[in-house]
Structure formats: structure tokens, C-alpha cells
1. Before rounding to the nearest 500, sum -39500 (n - 2.57) across all DSSP H runs of length at least 4 in the chain and divide by the residue total; then give [θ] at 222 nm in deg cm²/dmol.
2. Going by C-beta contacts inside 10 Å, put R89, R69, R19 in order with the fewest on the left.
3. Could you list K24, K86 in order of exposure, starting from the residue whose Cβ has the fewest other Cβ atoms within 10 Å?
4. 5 Å is the cut-off here: which amide hydrogens, built 1.01 Å from N in the peptide plane, fall below it relative to K42, excluding neighbours closer than 5 in sequence?
5. Starting from the 7 Å offset along Cα-to-Cβ, what nm value, one decimal, do you get for the label separation of I104 and I23?
6. By how many nm would the segment from F3 to D58 grow when fully extended, if each residue of separation counts as 0.36 nm and the alpha-carbon distance is taken off?
7. Can you give me the P(r) profile for the chain? Cα pairs, bins 10 angstrom wide beginning at 0, each as a whole percent.
8. Treating the angle as unsigned and between 0 and 90°, give the value, to the nearest 10°, between the Cα long axis of helix 86-98 and the longest Cα principal axis of the chain.
Amino acid sequence: MYFFALICLLFIGYLIYIRYFPIKGIPCIDMQQLSENKTNVKVDIRDYNDSSKGAIADSILMPVAYLRRYHNQIPSKQIYLIASDKIERNLATRILKQKGYQVIGYTITKCQCPREANEII
């Protein structure tokens, strides 16, 4: 019985880690710098409802739920992420790193914190 409880606690801890624990070393880039960069691939991982309201030019629209299935449609292994919150960013970064992609930077469109644009997480 204790063994089963321990396995359940470890599983729940793992799920919390994947979703909420940030990945270090990926810089946050503001939207203006991202729109000026025409050479690298930008992947918009926001939900279709969010991305249709504020479309980003020259970006590939692929919500987080579709990354595991359609990651092979991303033309480059070095990408920038456009996310609506930190949880989306964490999940997408972990999925893409498992698939062999290198996330160069990210931007969060609903960013309330002005200092986050200069922060490396």
C-alpha cells in the first residue's frame, strides 16, 4: 500500500515539474525584436482563438496540443516560441527539446511584467 502511494506521489510530482518548473537559459525577446528578425523560424504555440486576434507575421501556427504530432512540419531545428503564458512555454520547450529542436528564444504575448523582456529563464 505504501509503495502504491509513493508511486502516485512521484507521478504527481513529475507532472508538476513538467508543467511549472521553468527551463533555464532561454532568453525572453520582446515582440518588436521578434518581428524584425526575418531569418529564423517563429512558432506560434498559442491557441487558435488567441493567435487569430493577434497574428504574428511569418510565424508557423501550431498550438501546444499539436506539437507532438506535427513537429516534423517545422522547417528548421532552431526556433523562437510565441506563447500566451509561462505554462505553454514550459510544455512546448520540453516537447520540442525531446524532438531534437533548439529553442533560441521566446516571447509571451500576455506578459504583465515589463522586466520579463530582459530576463533570461
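What follows draws every value from the coordinates through simple rules; no lab data is involved. Computed from a predicted model, the values in this text were never measured in an experiment. Every residue, glycine as well, gets a Cβ built from its backbone with ideal geometry; the counts of neighbours run over all protein chains shown.
1. Working: 5 runs with 48 residues, N = 121.
Roughly -11500 deg cm²/dmol at 222 nm, from the helical runs in the chain.
2. Values: R89 24, R69 9, R19 13.
Final ranking by Cβ density, sparse to dense: R69, R19, R89.
3. Lowest count first: K24, K86.
4. Here I60, Y80 satisfy the definition.
5. That separation, rounded to one decimal, is 1.5 nm.
6. 14.7 nm
7. 12, 44, 29, 10, 4, 1
8. Its long axis makes an angle of about 80 degrees.
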